[in-house]
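So the structure is just underneath, and the comments pick up after that.
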Amino acid sequence: MRRPQFIAEHAQDARGLLGRLIAFIMARETWRENLRVMDALRIGTADHVLDIGCGHGRSLTELAARAPQGRISGVDPSQLMVEIATQRSRSLIEAARVKVVLSGVELLPFHDDAFDKAQCVHVLYFWKDLGRSLREIARVLKPGGRLGLLFRTNADPKAIASFPPEIYRFPALADVSTALEHAGMDVDVVGDGAVEPALVLATKRLN
């Protein structure tokens, strides 16, 4: 059954009381998949990690626990989600271990080569320009830095039938892999995205 349009809109840009409810639901629904990406990235104790589309911020506290000598940054284009993530991570923010920033992916507010790892879970459906977004992520990764990208593809008929196409754009796995290669990253794909979400690991080339 297709999700109502207004729920999909809040998943893209949460706001108001309904947005808070959806943030709570998303924190539960996507947690296992966030952990799957973190495990695949093998977060180091001193890693600087970026969570793109950090939403409710639950992953930020887990990333901080896995990188106790590192720094964690989360970005999200929703003001409400930034507020929720900030509230959730307040003690870590006060300790200068976590930062939460209002930002989209196409112009990240970080220096070149700033992060060892980056993760992005169920977010790229909303990007207007896949290639530009991935190039920007590659820019802020250090050479040899890794990106974990988890998403449903257009090979998943259940996902396509469940979400309004004017909001959710499910890409072909090959298109994402090609865009990552063009962004200067080497790609390792885990699963084809037909049964469960695809997990793509990409490493920024050294030259």
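The values are calculated or read from the model by the stated rules, or taken from the named source; none is laboratory data. None of these values were measured; they are calculated from a predicted model. Every residue, glycine among them, receives a Cβ derived from its backbone with ideal geometry; neighbour counts consider all protein chains shown. Just so you know, the surface numbers come from the protein's heavy atoms only, side chains and all, with ligands and any DNA or RNA stripped out. Shrake-Rupley method; radii C 1.70, N 1.55, O 1.52, S 1.80 Å.
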Discussion item. What are the extents of the Cα atoms of the chain along their three principal axes, in Å, largest first?
Written reply: 45, 40, 27
Worksheet item: Each label point is 7 Å from the Cα along the Cα-to-Cβ direction; what then is the distance between the points at Gln87 and Asp113, in nm?
Response: 4.0
Worksheet item: Using θ = phi - 60° and the Karplus form 6.51 cos²θ - 1.76 cosθ + 1.60, what ³J(HN,Hα) does each residue of the stretch 96-112 get, whole Hz, x for Gly and Pro?
Response: 6, 9, 9, 10, 10, 10, 7, 6, x, 8, 7, 8, 6, x, 9, 5, 4
Discussion item. Suppose the chain between Gln79 and Ala46 were pulled fully straight at 0.36 nm per residue; how much longer would it get relative to their current alpha carbon spacing?
Written reply: 9.0 nm
Item to complete: State the Cα centre-to-centre distance between the stretch 95-172 and the stretch 177-207 in whole Å.
Response: 12
Practice prompt. Read phi for every residue in the stretch 174-187 and hand back ³J(HN,Hα) as whole Hz from Karplus 6.51 cos²θ - 1.76 cosθ + 1.60, θ = phi - 60°, with x for Gly and Pro.
Written response: 4, 5, 5, 4, 5, 5, 5, 4, 5, 7, x, 10, 8, 10
Worksheet entry | Förster radius 22 Å - calculated FRET efficiency between Arg205 and Glu94, Cβ distance, rounded to 0.05 | 0.05
Worksheet entry | Pairs of Lys in the chain closer than 20 Å at Cα, counting only those 8 or more apart or on different chains | 5
Worksheet entry | Accessible-area composition of the chain, carbon plus sulfur, in percent [1.4 Å probe] | 54
Practice prompt. List the trypsin sites (Lys or Arg not before Pro) within the stretch 151-207 that fall in a DSSP loop (any state other than H, G, I, E or B) and whose Cβ has at most 16 other Cβ atoms within 10 Å.
Written response: Arg169, Arg205
Worksheet item: So in the stretch 50-207, what percent of DSSP beta bridges are antiparallel if you round to the nearest 5?
Response: 45
Worksheet entry | Theoretical FRET efficiency, 1/(1+(r/R0)^6), r = Cβ-Cβ of Lys158 and His182, R0 45 Å, to 0.05 | 0.95
Worksheet, complete the sentence: With 0.36 nm assigned to each residue of separation and the Cα-Cα distance removed, Asp39 to Glu196 gains 54.9 nm
Discussion item. For the ranges 108-114, 88-94, 67-73, what's the packing order if you count other beta-carbon atoms within 10 Å of each residue, average per peptide, and put the highest first?
Written reply: 67-73, 88-94, 108-114
Response to the item:
Counting only residues 5 or more apart in sequence or on a different chain, those whose built amide H sits under 5 Å from that of Ile72 are Val49, Val98, Lys99
